[in-house]
Structure formats: structure tokens, C-alpha cells
Amino acid sequence: MIHLYLSVFKFFPAGMEAEDNRKKTDAPPDVDPQTPVLRISQLDALELDTSLEQLLWTQFSQCFQNCRPGLLTPLEPELKALLQLLLWRFTLYSNSATVGQSLLSLRYHNVLSTSPRYRPLTRRQKLGLALLTAGPRWLQERSHSLLLCLGSNSGASDGDRGVLQKSLRNCLIFVSGITQLAGLLNFLVFLGKGRHPVLAERIVGARAVFSKPNVTRDITYQYMNRELLWHGFAEFLIFLLPLINTRKLKTILSSIVFGGESAAGNGAAEGSGVWKECGLCGEWPTMPHTVGCQHVFCYYCIKSHSIADVSLTCPKCGAEAGPPEPVKMEVEMMGR
């Protein structure tokens, strides 16, 4: 029995060593940190991280859509910062890579290390990166409330309190301007050298490198180009559609297809009877007005359309619209 126990205890270390050797053999070799990473890949990783943060906030806010309106507004900056810290805890803190970097097979490398091989970020670097990312956003959204609190708790008079708040606001604006200028200069340096697209990465000494050799993008360029194309096309339509006068276009097409003379004749025949509907809204005309043809319109309908469109034409017959003039309508009395 003793020999059996000894053989079992001897087997486990051997099995564990074999398992460790197998994992080491199957593990991918380290990638040279000096291998340059494409600038577009680093920018795509930042865009993916931003989209993920917006998606998380949207899903979180929808959980309270049936509650009292404005429930999350007083604590919105703190909640956004908390979501960013939670996302940092389970992504960057765990494997030295954000979600966007993981999708593009990237990770952070410790530039401050003197070793030529890959070195992950230290805990202090990860914490500094989180604070430099979430802290300025929270401070920018909370700056007004903080200035009011500092001014009210200063114990000074109203005049001195106003001067103090103004001085603090000017200092905050100055610091914000310096930060934005530093970020712009850092981005220009990034475009030239291809490293550190964000100022926080340069401060803490973090740089994006490949996580495995012979890397292929999980999100291909074809997908990104297609998304950019559709996004630009949607923005173009949003800009173009309000400029198109669909009513006038419909009138022109109907006059081309059916002919303007027949439409005018039908309008005259219709106008000889009792006018029962507005040519624009289709309802019984309120304060009926005419624009020179045989059709009648509500005053507010024709007035708003004439203000919006200087070269207004009648939507029924296509005649050029003149100034709106009131008309007298015949009322049919239906006897029982």
C-alpha cells in the first residue's frame, strides 16, 4: 500500500511537468515589440472601445426607461466613470489589452522596461491609464457642480465668492486648453512616428504591439470600408432630404405624366361645385383661401407652404400660386 501511494505521488509531478511542457510547446512565440503596428489599426481599436462604452451606457440607461424621468441625470458622470472602470477591470487589467485591441490582435507593451522582449504593463501603469482616461471626462462633466460647491463652502462673501468661482473657472479652462493642445501635438507626433495615439499612453509608457505573429485582422478592412461608406451615405441623405421639396416634385411628375391641361380642367370642373376639402391636407378647409386657381386651401396650410416655398405651385393643377385670398364657400344643406 505504501509503495502504491509513493507511485501515485511520483506520477502527479511527472504529469504536471508534462502538461506544463505541452503548454509551453503549444504557446505562440513572443512577437518582437519593435514590429511596427499600423496606425489605422490603433485608431480602429480606439473607435471600437468608444463604441463599446456607448453601447454599455445605452443598455444600462434602458434598464431605467420605465422609472421616473431624469433619475440617472444627477449621477450620470459618476455612472459613466464606474462603467469605464468596470470595463477596464475585466479587459485591460486582466490581459493588458482593451476590447478593441483584442479584436485586432493587439496588446499593450511596457515601454519603460529595458528588456528587448515583450513585457506587460505593471499594475501602476494600468491604474494610471484608467485614471487618465476616465478622470478627465468625469472632471469635465462635473466641473460646473464642483465650482459651485467650492464657492459655497469657501465661507466668503457673495462678491468674493463670485471672484473665486470666476478664477477657478478660468484656471479650469486654461488647463483644459493646455490638455487639448498637448493631445493635438501628441496626435501629430503619432501620425509621424506611428506610436502612442493617445496622450495617456505616452505618459504611462504604454505602446500597442502585436499579440501574436502573422496576425490577421478579425475585423477586416472590407468590413470597415463598408461601414464607413454606409455611414457617409447616411449622413449625405440626412443632409440632402430636407432640401428636397417632395410636394413640388410630385406635382411636376404628375403634370408630366398626366398633363397639366387635363389637371387644370379637372380643377376647374371641381371648382365649379362646392369645395369640400383643402388641396393640401385633404380636410374640410378652415378659413378657406385660394391662390388664383380653382382649388381651395386652409389658410394656415397655404400660408405655411408659401412661406417655406417662394415659387409655390398648386399641388392639384400645377398652376403658379399667387398671394392667398379669402373665398366665400357655398354650404350644402342636407335635409332629412
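No value in this document is a laboratory result; all are computed from the given coordinates. All figures in this text were calculated on a predicted structure; none of them were measured in a lab.
In this model, which of LYS276/LYS303; LYS126/LYS166; LYS80/LYS212 are farther than 25 Å apart at the alpha-carbon?
Details: LYS276/LYS303 19 Å; LYS126/LYS166 35 Å; LYS80/LYS212 32 Å.
As for pairs spanning more than 25 Å Cα to Cα, those are LYS126/LYS166; LYS80/LYS212.
Between the amide H of LEU106 and those of SER211, distances stay under 5 Å, these residues lying 5 or more places away or on another chain, with hydrogens modeled in the peptide plane.
Close amide H contacts of HIS196 (hydrogens built in the peptide plane, cut-off under 5 Å, sequence separation of 5 or more or a different chain): ALA208.
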